[in-house]
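Here is the structure we will look at, set down as structure tokens.
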Amino acid sequence: MPMGHVITLTFTHDTPEHVFTTLSASLDKLASACQGIESYWHGKDLRLRETTADYAVTAIFRDHDAFTAYLAAPAHVRLNAELVQPYLAEKSSVQFDVPATTHP
């Protein structure tokens, strides 16, 4: 069964702007290199509301195995270690089953 994955990231106030640019490019490369991703979107918050996170990633994976492979991919581990963890203030994520038919 397909599964969804949503993660929100809040970074420290002194995170350099280039981190967001590099993170975006790195996530694009990661998504294109990983098999089993059915859709993948990410981006910096638009600041339309207060009390939001700084960045979000949302993805639909073919199944749990594809998600597990994505998390374990060396590029994902490296990206997390180099671009996220050093600047991370808060993280939230959720994984959920995606029904075969998502429209009524």
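The values are calculated or read from the model by the stated rules, or taken from the named source; none is laboratory data. All values derive from a computational prediction rather than experimental measurement. Cβ atoms come from the backbone with ideal geometry, glycine included; neighbour counts cover every protein chain shown. Heavy atoms of the whole protein, side chains included, go into the accessibility calculation; ligands, DNA and RNA do not. Shrake-Rupley method; radii C 1.70, N 1.55, O 1.52, S 1.80 Å.
Of all residues being at pLDDT 95 or above and in a loop (DSSP other than H, G, I, E, B) in the range 51-61, which is surrounded by the fewest Cβ atoms within 10 Å (Cβ to Cβ)? Just the residue, please.
Here the answer is 53.
If we keep just the residues of the range 1-16 that are part of a loop (DSSP other than H, G, I, E, B) and open to solvent by 40 Å² or more (accessible area, probe 1.4 Å), which is farthest from residue 91 (Cα to Cα)?
The residue in question is 1.
Of the residues in the range 32-49, how many are open to solvent by 30 Å² or more (accessible area, probe 1.4 Å) and under 20 Å from residue 72 (Cα atoms)? I'd like the intermediate steps shown before the answer.
Step one: filter the range 32-49 for residues open to solvent by 30 Å² or more (accessible area, probe 1.4 Å), giving 32-33, 35, 37-42, 44-49.
Filter once more, keeping what is under 20 Å from residue 72 (Cα atoms): 32-33, 35, 37-42.
Here the count works out to 9.
From (1) assigned to a helix (DSSP H, G or I); (2) over 25 Å from residue 99 (Cα atoms), pick out the condition that doesn't hold for residue 47.
Exception for residue 47: condition (1).
Suppose we filter the range 32-50 for residues that are at pLDDT 95 or above, out of contact with any Lys or Arg (no Cβ under 8 Å at 6 or more places or on another chain) and closer than 16 Å to residue 71 by Cβ; how many remain?
Result for the range 32-50: 2.
Which residue is modelled with the lowest pLDDT, if the candidates are limited to the range 67-104 and must be part of a loop (DSSP other than H, G, I, E, B) and open to solvent by 60 Å² or more (accessible area, probe 1.4 Å)?
Among residues in the range 67-104 that are part of a loop (DSSP other than H, G, I, E, B) and open to solvent by 60 Å² or more (accessible area, probe 1.4 Å), the one modelled with the lowest pLDDT is 103.
Quickly run through the range 17-31 and pick out the residues that are in contact (Cβ under 8 Å) with a residue 24 or more places away in the chain and exposed (fewer than 14 other Cβ atoms within 10 Å of the Cβ).
First, the residues of the range 17-31 that are in contact (Cβ under 8 Å) with a residue 24 or more places away in the chain: 19-20, 22-23, 26-27, 29-31.
Listed by number, the list holds a single entry, 29.
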